[in-house]
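Data block below; observations after.
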Amino acid sequence: MPFKSPASQLSRLGPGLVLCFAATGLAFTIHAVLPAVPAMTLAVALGLLSANIPGTSVLTAGRARPGLDFAGKHLMRAGIVLLGLKVSIQDVLGLGWLSLVLIAGVVLVSFVGTYGLARLLRLPGETALLIATGFSICGASAIGAMAAVRRIRHQDTVLPVALVTLCGTLAIGVLPLLMHPLNLNPEQFGAWTGASVHDVGQVVATAQTAGTAALAIAVVVKLTRVVLLAPVVAAAGLHQRIDHVRKRANGTGHQDAGSDGKFPPIVPLFVVGFLAMVAVRSMGWAPPAVLDMAALVQDILLASALFGLGSAVRVRTLIHTGGRAMMVALGSWLIIASLGLVAARIMIR
């Protein structure tokens, strides 16, 4: 690969990155005025708009595209690393073993159920895997991690990210309306939200409608799901390698490896960084000021990444190609919401 000077790299990536950060600033401004709408959702929405409005679509498809793709891939990974600073193992263990088993069960069953539904509706295997990962664990962050370990093309993550963001946004409006009909107290509602809503920001926006008690347990339950990102990604990487060995033994080649015949690490480096940040938070090595600053930087990175991904979605193409994927997404949303409700009722009686 030829060496590119920092000046040439800046010239190539600059327009897209400037657009990402400008859109992120706008998303946070709108969120400050309308706190019920998460900044991450706004970032995706702004990306979708930029890709489909005649004036800006030329820019997002042309000169800004390299920087937008860079944000969707690399800024997403950096955001995942910093996400680890929100997770404290002590808080997770404080839920109790029954709750941990229930949360793990929700993740596992929703993952398998979503993947099975996607394959039943004949979605490609990698698309099915990404949707299952995003809906069962932690939305776009999980999709990015799974795409890295399976070496799935960046372009193929766009549709799953759009779908998981859409359904998470629907949850913000729908779940609070069901709290009283389902006879849930605030703690149960918070546990349900944390167990079934995808993105951390969406969990906060949904749970806070029921008060601080609901919000507190929702965040802990949600971050417990986030912890499962590492083992699920590692399992997917290990499965890929075992499948590769089997195919070579059968003489069917090594098409799952990279162009150099090698596989990426079973656990990508940025997931290792995520686990390291979990350890830093759990050991109490980061003072509150550092945690606050890291949370802000993480939000900026993830919002910028989501804008970059959203800017690659063409509504016309989505309508023509995303019908079955939309059915899978809505089915997965119902699966995880139902499982999360059962788990919440058992966890908190």
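Kindly report the accessible area of the chain per residue (heavy atoms of protein chains, probe 1.4 Å, no ligands, DNA or RNA), in Å².
It amounts to 46 Å² per residue over the chain.
Please list the radius of gyration and Dmax for the stretch 43-198, considering alpha-carbon atoms only, with Å as the unit.
In order Rg, Dmax, the Cα atoms of the stretch 43-198 give 17.7, 54 Å.
For the stretch 111-258, how big is Rg over Rh, using alpha carbon atoms and the Kirkwood form of Rh?
Result for the stretch 111-258 is an Rg/Rh of 1.07.
As a check on your grasp of the helix formula, calculate [θ] at 222 nm for the chain: sum -39500 (n - 2.57) over DSSP H runs of n ≥ 4, divide by the residue count, round to the nearest 500.
The per-residue figure over the chain is -24500 deg cm²/dmol.
Evaluate the relative contact order of the stretch 1-79 (contact order divided by residue number), counting alpha-carbon pairs under 8 angstrom at least 6 apart; express in whole percent.
That works out to 40 percent.
Can you give me the P(r) profile for the stretch 305-346? Cα pairs, bins 10 angstrom wide beginning at 0, each as a whole percent.
Calculated over all Cα pairs of the stretch 305-346, the distribution is 24, 31, 29, 15, 1 percent.
Work out the charge dipole of the stretch 7-126 with +1 on the Cβ of Lys and Arg and -1 on the Cβ of Asp and Glu about the Cα centre, then indicate which of VAL92, VAL58, PRO35 is farthest towards its positive end.
Sorting the options by dipole projection puts first VAL58.
Subtracting the Cα-Cα distance from 0.36 nm times the residue separation, let me have the gained length for VAL272 to GLN9 in nm, one decimal.
My answer for the length gained is 92.0 nm.
Zone of VAL174 (label point 7 Å along Cα→Cβ, backbone N under 20 Å): which residues in the stretch 330-349?
It comes to 330-345, nothing else.
Could you give each residue of the stretch 45-56 its phi-based ³J(HN,Hα) in whole Hz, using Karplus coefficients 6.51, -1.76, 1.60 with θ = phi - 60°, and x for Gly or Pro?
4, 5, x, 4, 4, 5, 7, 10, 8, x, x, 8
Between VAL245 and ARG63, what is the spin-label point distance in nm, taking each point 7 Å from the Cα along the Cα→C-beta axis?
Rounded to a tenth, the inter-label distance reads 5.2 nm.
Can you give the FRET efficiency to the nearest 0.05 for ASP156 and LEU26, using r as the Cβ-Cβ distance and R₀ = 22 Å?
The pair ASP156/LEU26 has a calculated efficiency of 0.20.
What do you reckon, how do ILE242, ILE143 stack up by accessible area (1.4 Å probe), largest on top?
The ordering from most to least exposed comes out as ILE242, ILE143.
What does the extension gain come out to for ALA236 and VAL290, with contour length at 0.36 nm per residue minus their alpha carbon separation?
16.1 nm
Give a residue-ordered list of calculated ³J(HN,Hα) values for the stretch 89-101 (Karplus: 6.51 cos²θ - 1.76 cosθ + 1.60, θ = phi - 60°; whole Hz; x for Gly, Pro).
Once rounded to whole Hz, the list reads 4, 4, 5, 5, 5, x, 5, x, 5, 4, 5, 5, 5.
The values are calculated or read from the model by the stated rules, or taken from the named source; none is laboratory data. Keep in mind the model is a prediction, meaning the values are calculated, not measured. Cβ atoms come from the backbone with ideal geometry, glycine included; neighbour counts cover every protein chain shown. For accessibility, only protein heavy atoms count, side chains too; no ligands or nucleic acids. Shrake-Rupley method; radii C 1.70, N 1.55, O 1.52, S 1.80 Å.
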